[in-house]
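A.B. asks: The structure's right below; bear with me while I get my questions together.
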Amino acid sequence: MTKFYKYMLIFAFGAAGYGAIELAFRGRTHWTMLITGGACFVLIYMISLSRKIHKWLKWILGGLVITVVEFIVGSVVNIGLGWKVWSYANMPYNLFGQICPTFSIMWCLLCIPIMWLCNRVEREIQR
């Protein structure tokens with residue numbers, strides 16, 4: 001499998017997974033969230049492959065990746081285009097309603113099973 005197809009598969013897996021999580025917890029999603037989820041999963045996958053970074057630091061880095069990507073996408077989609085896909089405006093210490101510490105911590109915790117999944121996917125691809 002070429003690297004291009006490998007990362008396209010990983011992107012699609014992340015897009016589907018993120019969409020499924022949103023549907024399960026919010027009851028809806030938006031096509032921009034599928035792109036966001038795919039991009040996040042590719043970046044987290046790349047972090048998971050590092051043998052030099054301790055697991056707990058990978059979880060924190062993964063949560064930071066999700067937070068940064070969410071802020072960038074939110075700034076474009078919610079603030080710039082006014083689509084109002086999501087808002088954390090009612091959450092404490094939010095930044096322009098796009099990110100907040102509560103969800104950043106949740107993203108770090110979510111990265112625990114995601115990193116395990118990334119390692120599992122890598123093993124399967126290597127077969």
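A.B. asks: From the set of residues in region 73-94 that are under 30 Å from Trp116 (Cβ atoms) and touching a Gly at 6+ places or on another chain (Cβ under 9 Å), which is surrounded by the most Cβ atoms within 10 Å (Cβ to Cβ)?
C.D. replies: Per the criteria, the residue is Gly74.
A.B. asks: Glu70 versus (1) more than 13 Å from Cys40 (Cα to Cα); (2) among the charged types (D, E, K, R); (3) surrounded by 15 or more Cβ atoms within 10 Å (Cβ to Cβ): which is the lone unmet condition?
C.D. replies: Of the numbered conditions (1) more than 13 Å from Cys40 (Cα to Cα); (2) among the charged types (D, E, K, R); (3) surrounded by 15 or more Cβ atoms within 10 Å (Cβ to Cβ), the odd one out for Glu70 is (1).
A.B. asks: Now a separate question. Out of all the residues in region 50-64, is one or more within 27 Å of Asn119 (Cβ to Cβ), surrounded by 19 or more Cβ atoms within 10 Å (Cβ to Cβ) and either of a type in the set (S, T, N, Q) or in contact with a Pro (Cβ under 7 Å, 6 or more places away or on another chain) (or both)?
C.D. replies: no
A.B. asks: Part of a loop (DSSP other than H, G, I, E, B) and hydrophobic (A, V, I, L, M, F, W, C) - does that describe any residue in region 24-45?
C.D. replies: no
A.B. asks: Which one of the conditions (1) surrounded by fewer than 15 Cβ atoms within 10 Å (Cβ to Cβ); (2) of a type outside the set (Ser, Thr, Tyr); (3) part of a loop (DSSP other than H, G, I, E, B) does Pro113 fail to meet, given that it meets all the rest?
C.D. replies: That leaves (3) as the condition not met.
A.B. asks: Oh, and also: On the given criteria, is Val65 in a helix (DSSP H, G or I) and either under 12 Å from the mean Cα position of the chain (by Cα) or closer than 13 Å to Ile105 by Cα (or both)?
C.D. replies: It is true that Val65 is in a helix (DSSP H, G or I) and either under 12 Å from the mean Cα position of the chain (by Cα) or closer than 13 Å to Ile105 by Cα (or both).
Every number here is computed from the coordinates shown, using simple stated rules; none is lab data. From a predicted model like this one, the values you see are computed outputs, not experimental measurements. Positions of Cβ are generated from backbone atoms using ideal geometry, with glycine treated the same way; all protein chains shown enter the neighbour counts.
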